[in-house]
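Report on the structure given below.
The values are calculated or read from the model by the stated rules, or taken from the named source; none is laboratory data. Since the structure is predicted, the reported quantities are computational estimates derived from the model, not experimental observations. Neighbour counts are summed over all protein chains in view; Cβ atoms, including those assigned to glycine, are modelled from backbone coordinates with ideal geometry.
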Amino acid sequence: RVAVSLCQEGAECVIHVDDDGPGIPVKDRSAVFEPFVRLDTSRKQNSGGYGLGLAIVRRIVHWHGGRAEVSSSDLGGARFTLRWPAEQDLRGYHRRSDRS
């Protein structure tokens with residue numbers, strides 16, 4: 001089961017994605033956003049991906065002045081939280097060359 005919610009908390013837009021899966025151990029939570037990290041070693045690359053999805057999500061959120069976090073969900077699995085400023089000055093954004 002997956003639950004997605006969107007809200008505004010103060011000056012931030014927040015998306016929570018909760019699941020009822022096995023969760024992510026605290027020791028692995030910072031690594032899960034790194035490229036090519038796959039915590040489920042039983043999954044093969046041809047059926048389980050390359051470990052790029054969360055790294056891409058974190059980069060996109062960062063480009064918009066936000067951050068991505070992972071914690072435990074009330075559903076029993078993981079909670080991914082994306083936060084970014086509710087108001088942004090996007091003038092000239094399409095011309096930015098430094099998007100690191």
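The table below gives the values:
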quantity: Cβ pairs under 7 Å, 6+ apart, first in the range 48-68 and closer than 16 Å to Ser30 by Cα, second β-branched (Val, Ile, Thr); calculated: Gly51/Val37; Leu54/Val32; Arg67/Val61; Ala68/Val57; Ala68/Val61
quantity: Of all residues making up the range 54-91, the number that are over 16 Å from Leu6 (Cα atoms), in a loop (DSSP other than H, G, I, E, B) and at pLDDT below 95; calculated: 6
quantity: Single residue of the range 21-34 satisfying the filter (at negative phi and touching a Gly at 6+ places or on another chain (Cβ under 7 Å)) that is surrounded by the most Cβ atoms within 10 Å (Cβ to Cβ); calculated: Gly21
quantity: Pick from the range 71-89, criterion out of contact with any Gly (no Cβ under 8 Å at 6 or more places or on another chain) and within 10 Å of Asp18 (Cβ to Cβ), ranking: surrounded by the fewest Cβ atoms within 10 Å (Cβ to Cβ); calculated: Asp74
quantity: Residue within the range 42-53 that is modelled with pLDDT of 90 or more and in contact with a helix residue (DSSP H, G or I) (Cβ under 8 Å, 6 or more places away or on another chain) present; calculated: no
